[in-house]
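What follows is one structure encoded as structure tokens, with my remarks underneath.
Read-outs throughout are calculated quantities, based only on the coordinates presented, and are distinct from any laboratory measurement. As the structure is a computational prediction, the values presented were derived from the model and not from experiment. Here the Cβ positions follow ideal geometry from the backbone for every residue, glycine too, while neighbour counts run over all protein chains shown.
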Ligand SMILES: Cc1ncc(COP(=O)(O)O)c(C=O)c1O
């Protein structure tokens with residue numbers, strides 16, 4: 001058997017990591033500004049995280065949701081307090097797509113409606129429901145029908161109002177900051193107006209914070225910069241530092257019958273221990289503010305840079321839209337400077353580093369950037 005060929009991969013295999021540094025088997029060192037796609041929120045192999053996961057797997061690795069699991073309660077309490085989403089309920093699953101599936105299912109169950117409004121450029125995952133609200137027909141099979149989904153351009157309030165005022169929509173789903181679309185930030189005014197449109201039309205607001213959450217933008221959730229609160233918030237990626245997890249934060253107004261949602265692995269002991277450790281590190285090391293500060297430093301260094309069309313993003317969720325003559329820069333950063341970065345298409349370099357990226361790493365990137373673009 002060989003691997004199903006669905007990923008474009010670099011010909012590099014990291015075998016060890018510490019903080020924002022990776023090494024391959026030959027001992028070559030890399031600076032990680034990609035964070036394994038926004039997953040490595042507290043850096044690789046943080047000692048507190050490693051100890052917590054080791055301890056838990058040596059005690060009890062798994063039991064099903066048929067029994068009590070105090071770790072889930074600890075996680076719910078911590079997440080509610082740190083995020084400001086209290087009193088909300090927590091449902092735990094295994095991935096971002098699954099979190100979105102469950103949020104949309106709950107919204108439909110709660111409202112009795114079947115339609116969902118999503119935005120141009122949106123990415124919410126690859127499973128059936130999640131991909132149906134994702135604005136990319138290329139990653140949809142015929143089975144992933146979009147009969148219940150309408151898309152309007154991000155930021156177009158008039159179009160959103162026209163759709164929602166029909167009263168047919170269970171939910172609007174929106175990313176705190178669009179990642180795959182090349183770091184597109186919805187304005188505070190747009191999010192506020194969307195909130196009030198949802199209130200007026202009995203539609204639930206679902207905030208996908210899978211990439212933009214967990215403190216990355218300088219607030220625990222990106223939408224909190226706008227001062228709005230969602231009915232449902234979805235999380236995954238950075239929440240458990242690499243152990244698969246998905247989470248839905250659910251308004252106390254929303255109820256479900258027994259059995260409507262469920263999963264074998266969701267909320268398992270190792271994932272919960274990992275997520276608790278991540279939140280402890282974020283709190284103890286004040287990483288939400290640090291992400292905001294380091295993000296401001298990057299912006300001061302790179303906004304208006306001659307190689308850029310635009311600098312976008314908030315905190316450590318950064319999109320660098322490069323001029324056409326710099327296409328290929330991401331590969332050069334890796335090959336010549338040994339720096340991992342993310343991308344959205346050929347023209348946007350995405351930085352999604354650990355929230356505790358050392359200042360030295362940030363300076364190394366800016367120097368490399370200047371050397372390669374001047
Ligand atoms: C905003 C957003 N939503 C959902 C997902 C899907 O998450 P997962 O790959 O864990 O299913 C992603 C993954 O990149 C994402 O960025």
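Brief remarks on what is shown
- log₁₀ of I(q)/I(0) at q = 0.08, 0.09 Å⁻¹ - the chain, Debye sum with one point per alpha carbon: -0.40, -0.51
- Volume per residue that the Cα convex hull of region 276-374 spans, once the total is divided by residue count, Å³: 97 Å³
- In the elastic network of the chain, a GNM with C-alpha springs shorter than 10 Å, the most mobile of 33, 205, 71 is 71.
- Mean-square fluctuations from a GNM of the chain, with a 10 angstrom spring cutoff on Cα atoms, peak among 97, 141, 171 at 141.
- Stretchable slack from residue 161 to residue 263, in nm (0.36 nm times residue separation minus alpha-carbon distance): 33.2 nm
- FRET efficiency for the residue 37 to residue 68 pair, using the beta carbon distance and R₀ = 35 Å, is estimated at 0.55.
- Here the calculated FRET efficiency for residue 327 and residue 363, from their Cβ-Cβ distance with R0 = 25 Å, stands at 0.50, rounded to the nearest 0.05.
- When 192, 237 are arranged by Cβ crowding within 10 Å, least crowded first, meaning fewest neighbours, the order is 192, 237.
- Between residue 45 and residue 7, the C-beta separation translates, for a Förster distance of 22 Å, into a calculated FRET efficiency of about 0.40.
- Shape of region 115-206, Cα gyration tensor, a/c cut at 1.5: oblate
- Highest-fluctuation residue, 129, 213, 35 considered, GNM on the chain with Cα pairs under 10 Å: 129
- For region 124-147 versus region 149-185, the spacing of their alpha-carbon centroids is 16 Å.
- Fraction of beta bridges assigned by DSSP in region 48-284 that are antiparallel (%, nearest 5): 40 percent
- Each helix, a run of at least 4 DSSP H residues, gives -39500 (n - 2.57); summed and divided by the residues of the chain, these come to -10500 deg cm²/dmol at 222 nm.
- Taking N as its residue count, the alpha carbon Rg of region 46-94 over 2.2 N^0.38 Å: 1.32
- Relative contact order (%) - criterion: Cα under 8 Å, at least six apart; region: the chain: 23 percent
- Cα centroid of region 1-47 to Cα centroid of region 293-367, whole Å: 18 Å
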